[in-house]
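To start, the structure itself, in C-alpha cells.
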Amino acid sequence: MIVQATHTVLFYLIAALALVMALSVVFSRKLLRAAIALMGVLALTAGLYILLGAEFLAGVQVLVYVGGIVVLIVFAIMLTRSSDLLEDQPTLPRALLGAFVGLVFLVMSSAVFFSSPFQADTSGAQVTDDTVAIGRSLLDYGPKGYVLPFEIISLLLLAAAIGGIVIARKIPAPSQPFTSGGDLPGEADFTQPRSQREEA
Amino acid sequence: MASVPMEHALVLAAVLFALGLAGLLVRRNIIFMLMCLEIMFNAAGLAFVAAGARWAQADGQVMFMMILTVAAAEVAVGLALLLGFYHHFKTLDADAAEGMRG
Amino acid sequence: MLMLPELLVVATALVVLVIDLFLSERTRWLTGLITLLGLLAAMAAACTNTMHGALLGGRFVVDAVAWWFDILLILAAFVTVILSMDVLNGNTRVRMRGLGARAEYYCVLLFTLAGMMFLISSRDLITFYVSLELATIPMFALAAWRRDDARSGEAGLKYVILAALSSSLIVYGMALLYGLTGQTNLDAIGRILPNHVGPAFWFAVAMLVAGAGSKFTVVPFHFWAADVYQGAPTPITAYLSVASKCVGLAFMFQVLFRIFGGWLHDGSLLVSIFAATTMTLGNTVAIVQHNIKRFMAFSAVSQAGYFLLGFLGPNEAGVAAMLFYMLVYIVTNLGVFTCIIWYQNETGREEIEDYRGLSQTNPIMALMMMVSLFSLAGIPPLSGFVGKFFLFSIASSAGYHWLVALAAVNSTVSLYYYLRVIRQMYIEPPDADARRIPITKKLAVTEAFLFAGVVILGIVPTLYESIHADTATWLATLLR
C-alpha cells in the first residue's frame, strides 16, 4: 500500500517537473539553457518509464535521447556559436498563434481522454516489464513479430547517415574543378563543364 | 502501477505534445524548433508506452523504440541541414530564409 | 518470392554504394547504369509475379493494389534516375556545382523507393510508420543535395521541420488508435473501431487526416510543397512530384480504406470539401507564379484535388480510377519535367518567361512539352482527359454533381495557366541570338517514350480495364 502511494506521489512529482522543464524549453531565451531543460524532460520521462515498470525502455531512453540526441543538439549549438545568443521575443501574432493552437490541442485532447473508453479497464493493466518479450517480438517473423520494421528502420538509419554526411560536407571552393565526387579533384575529363570542353 | 491511472500518463503526453506544438509555432530559431519537435516525439512515445501498458502488450514498447530511432534519424539529418543553413546565412533565424517567394 | 522487388531495390542500393569505392572518377558514371539495371530487374520481378499473398505472418502483403503501386513507383524512380544522370555526371552545358556524390545519391533514392514499396504492402501500424519514415527522411537530404545553392538547403530545412511536424501528428494519432483498440494490425483496427466511436476516435481521425493531407499536399496542409519543390534539385523535384504524390495516395489508401473504411461513406462530404479547396486554391495560386518549378508545385497541389474525387465512390469503386490517373499523372508530369530539366541543364534557367520562342529553336521538344501540359489540363483525347473522366464519373455517380461542376471549371482555369507556358513557347518571339539548344540522347529518348505514353494511354483504354479487373474485388479480400 505504501509502495503504491509512493509510486503515485512520485509519478505526479515527476510529471510536474517534466512539465516545468518543457515549459522552459519553450520559453527560455537561451539556447543552451533550453537544451539542458530538454535533457531534463527526456531524463524525467525515463524516470516515468521506471515507475511504469519499463526499466529497459528507461535505459534506452537515457542512452539514445539524453546521450545521443541532446548531445547532437548541444554540438550544433556550439558549432554555430549561438550559445550566447539571446533569442528575440516572438512577435505578438506568432505568440498568439502558438498559444492558441497549443491550447486548442490541449483542451481537445484532455477532453478526449476523460470522456473516452480509455478509463475503463485500467485495473490490472501493467507494462510488460519483460525485456525478453520486446526482444522476441522484434526478431520474431511470425504473426506476433516485428522483424520487418526492425529491418526497415536499419535501412532508415543507414540512409539518414549517408544523406547527413553528404549534405554536411564542405562545399568545394569555387576555384576547384567540377567533380561529381564532391570534394575530390576530378580527373581531366571532368575538369570543365561541357560547354568549355566543346569549345576546346 | 495500477495506482497511476493510465489516462493520466496519456494526459501528460498530451500536455507535452501541446507544449512542443506551441513552441514549434512560436519559435524562430531553428534549433529551438528541432528541440520542440523532440518534445513532441517524446510525448508520442510516452503515449504509446502508456497505451501498450493498458493492453499489457509489448507492441507499444516496440513502437516506442521505433519512434526513438526515427527521432534520432530526423534530428541527425535536421542538424546536418542546419549547419549548411548557418554556413549560408550566418544566422539560425528561420525568417532569414527569404530565398523563395511566389 | 513476394518480396523480391523490394529486396532487389535494397540490394541495388547497397551494391551501388560498395561498387563506388572501387571506381575512379572517370568510370563513376557506371553507378547510374547499375541503378537502372537494378530497377529494371525489380520491375521484371514485379511484373512476372502474379501471386498475391502474405509474408512474415501477415506483416507484408502483396495484393492487387500493392502490386500496381509497386509498378508505378518503380517506373517513377526509373525515369527519375535517367533524368538525374546528366546532372550528376556533369554532362550539362551550365556548370552545376555542389551536386555530387553520385553513388550516395542513387543509394538514398533507392532507399526511399524501398520505403514507399514497403508502405503500401504493410499491414500493421509499426511497419506502416517506419516505412513512411524511410520514404520521407532520406528525401530531406535529397532535397538539400545541391550544396552550392542556398535555396536547396533552405528547401531541405523547411521540409525537415514541416514533415517532422506531420509525422509527429501521425504517430500521435496512431498512439490513440492503438490505445483504443489494442491492435496494431490495420484491418483489425478497422474492424474493432466501430465499437469505439467517440471523442478519442474523432481526435485520432483528425490527426491522421492532417498527416495524410500533408503527405498528399491537400490544402490546407500543402504549405511545405512550394518552397521544397522550388529549392530542391530539379530531378528531385520531379521525383517528389510523382513518387511522393504516389506514396501520399498509398498512405491515404491505407488510412481511409483500411482503418476508417467504415466511415468513408459518412465522411464523403468532408472529402469533397477538401477536394474542392485543394483544386481551387492550387489553381488560383498557380496562375501568378513565375518560377516554373514553383508553378509545377501548385499544379501538383491542384492535381491532388482531382485524385480526392476517387474517394467519394462507394467502397472501392474509385480505386481503379485513382490508380489509372496516378499512372497517367506520373507519365505526364515526368514528361513536363524532362523538358524542364533539359532546359535547365542547357541554359540554367527556370523562369516561365525563359521559355519564349522555344517552338522556333526546338520545335519537337516544344511540341512534346505542349502535349504534356495539355494532358495535365485534361484536353481530350490525351490521357489526362481520360483519367479525369473516370474520376469525375465516380464523383458524379456518388451524387456530387456540384463538385464535378467545380472540377470542370477548375480544369478550364488550369488550361489558362498551362497556356501561359505554351504562349511563351509558341507566340513570344525568341531572343535575337537564340540558337537550337542541343539535347542529350538520354533525355531525348526518355521524352519520346513519355510522350508516347501520354498519347497512347489516352486512346487505348485496355490498361484501365485491366487495373479495374485486378482491383475490383480488392476490398472484398479485407475480412469484413
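The values are calculated or read from the model by the stated rules, or taken from the named source; none is laboratory data. Quick caveat: nothing in here was measured; it's all calculated off a predicted structure. Here the Cβ positions follow ideal geometry from the backbone for every residue, glycine too, while neighbour counts run over all protein chains shown. Surface areas here come from the heavy atoms of the whole protein model, side chains and all, with no ligands, DNA or RNA. Shrake-Rupley method; radii C 1.70, N 1.55, O 1.52, S 1.80 Å.
If I filter segment A:55-64 for residues that are charged (D, E, K, R), surrounded by fewer than 19 Cβ atoms within 10 Å (Cβ to Cβ) and free of Cβ contacts under 8 Å to residues at least 40 places away in the same chain, do I get at least one hit? Don't jump to the end; show me each part of the working.
Filtering segment A:55-64 for residues charged (D, E, K, R) gives A:55.
Now drop any that are not surrounded by fewer than 19 Cβ atoms within 10 Å (Cβ to Cβ), which leaves A:55.
With free of Cβ contacts under 8 Å to residues at least 40 places away in the same chain added as a condition, the list becomes none.
For segment A:55-64, residues charged (D, E, K, R), surrounded by fewer than 19 Cβ atoms within 10 Å (Cβ to Cβ) and free of Cβ contacts under 8 Å to residues at least 40 places away in the same chain: absent.
Kindly evaluate B:Leu68 against the criterion of being open to solvent by 10 Å² or more (accessible area, probe 1.4 Å), in a helix (DSSP H, G or I) and out of contact with any strand residue (DSSP E or B) (no Cβ under 6 Å at 6 or more places or on another chain).
Numbers: open to solvent by 10 Å² or more (accessible area, probe 1.4 Å): no; in a helix (DSSP H, G or I): yes; out of contact with any strand residue (DSSP E or B) (no Cβ under 6 Å at 6 or more places or on another chain): yes.
No, not satisfied.
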- prompt: So C:Gly90 fits all but one of (1) more than 25 Å from the chain's Cα centre (by Cα); (2) surrounded by fewer than 22 Cβ atoms within 10 Å (Cβ to Cβ); (3) within 14 Å of another protein chain (Cβ to nearest Cβ); what number is the exception?
  reply: (2)
statement: Taking segment C:428-444 and keeping only residues that are free of Cβ contacts under 8 Å to residues at least 24 places away in the same chain and surrounded by 12 or more Cβ atoms within 10 Å (Cβ to Cβ), one is left with C:Ala444
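Among the candidates A:Ile14, A:Ile2, A:Ile50, A:Ile69, which residue alone is outside the structural domain of A:Leu157 (by TED's automatic domain parsing) and under 22 Å from B:Leu83 (Cβ atoms)? Reasoning before the result, please.
Numbers: A:Ile14 fails: under 22 Å from B:Leu83 (Cβ atoms); A:Ile2 fails: under 22 Å from B:Leu83 (Cβ atoms); A:Ile50 fails: under 22 Å from B:Leu83 (Cβ atoms).
Going through A:Ile14, A:Ile2, A:Ile50, A:Ile69 in turn, the sole match is A:Ile69.
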message: Can you go through B:Ala47, B:Ala53 and tell me which one is facing chain A (nearest Cβ under 7 Å), open to solvent by less than 20 Å² (accessible area, probe 1.4 Å), among the small types (Gly, Ala, Ser) and part of a helix (DSSP H, G or I)?
response: B:Ala53
statement: Given the conditions (1) open to solvent by less than 10 Å² (accessible area, probe 1.4 Å); (2) under 14 Å from the mean Cα position of the chain (by Cα); (3) within 7 Å of chain A (Cβ to nearest Cβ); (4) not hydroxyl-bearing (Ser, Thr, Tyr), every one holds for B:Val62 apart from (2)
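State whether one or more residues within segment C:55-62 are at pLDDT 95 or above and surrounded by 23 or more Cβ atoms within 10 Å (Cβ to Cβ). Even if it seems obvious, please write down each step before you answer.
We begin by selecting, within segment C:55-62, every residue at pLDDT 95 or above; these are none.
Within segment C:55-62, none of the residues are at pLDDT 95 or above and surrounded by 23 or more Cβ atoms within 10 Å (Cβ to Cβ).
Restricting attention to segment A:70-84, report how many residues are assigned to a loop (DSSP other than H, G, I, E, B) and open to solvent by 90 Å² or more (accessible area, probe 1.4 Å). I'd like the intermediate steps shown before the answer.
First, pick out the residues of segment A:70-84 that are assigned to a loop (DSSP other than H, G, I, E, B): A:80-84.
In the following step, the residues that additionally are open to solvent by 90 Å² or more (accessible area, probe 1.4 Å) were identified as A:81, A:84.
Qualifying residue count, segment A:70-84: 2.
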task: Provide a single number: the residues in segment C:379-403 that are open to solvent by 20 Å² or more (accessible area, probe 1.4 Å) and touching a Phe, Trp or Tyr at 6+ places or on another chain (Cβ under 7 Å).
output: 3
- request: Go through the residues of segment B:50-66 one by one and say whether even a single one is small (Gly, Ala, Ser) and at positive phi.
  value: yes
message: If I ask for residues that are surrounded by fewer than 23 Cβ atoms within 10 Å (Cβ to Cβ) and under 16 Å from B:Met40 (Cβ atoms), which ones from segment A:3-20 would you list?
response: A:Leu19
- prompt: Which residue pairs have Cβ atoms closer than 7 Å, lie 6 or more positions apart in sequence or on different chains, and pair a first residue in segment A:77-98 that is assigned by TED's automatic domain parsing to the domain that holds A:Phe27 with a second residue that is among the hydroxyl-bearing types (Ser, Thr, Tyr) and modelled with pLDDT of 75 or more?
  reply: A:Thr80/B:Tyr86
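Going through C:Ile340, C:Ile330, C:Ile352 one at a time, which residue ends up being within 30 Å of C:Leu256 (Cβ to Cβ) and in contact (Cβ under 8 Å) with a residue 12 or more places away in the chain? I'd like the intermediate steps shown before the answer.
Numbers: C:Ile340 fails: within 30 Å of C:Leu256 (Cβ to Cβ); C:Ile352 fails: within 30 Å of C:Leu256 (Cβ to Cβ).
Among C:Ile340, C:Ile330, C:Ile352, only C:Ile330 is within 30 Å of C:Leu256 (Cβ to Cβ) and in contact (Cβ under 8 Å) with a residue 12 or more places away in the chain.
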- request: Of the numbered conditions (1) farther than 18 Å from C:Val130 by Cβ; (2) at pLDDT 90 or above; (3) more than 7 Å from chain A (Cβ to nearest Cβ), B:Leu16 fails exactly one; give the number of that condition.
  value: (3)
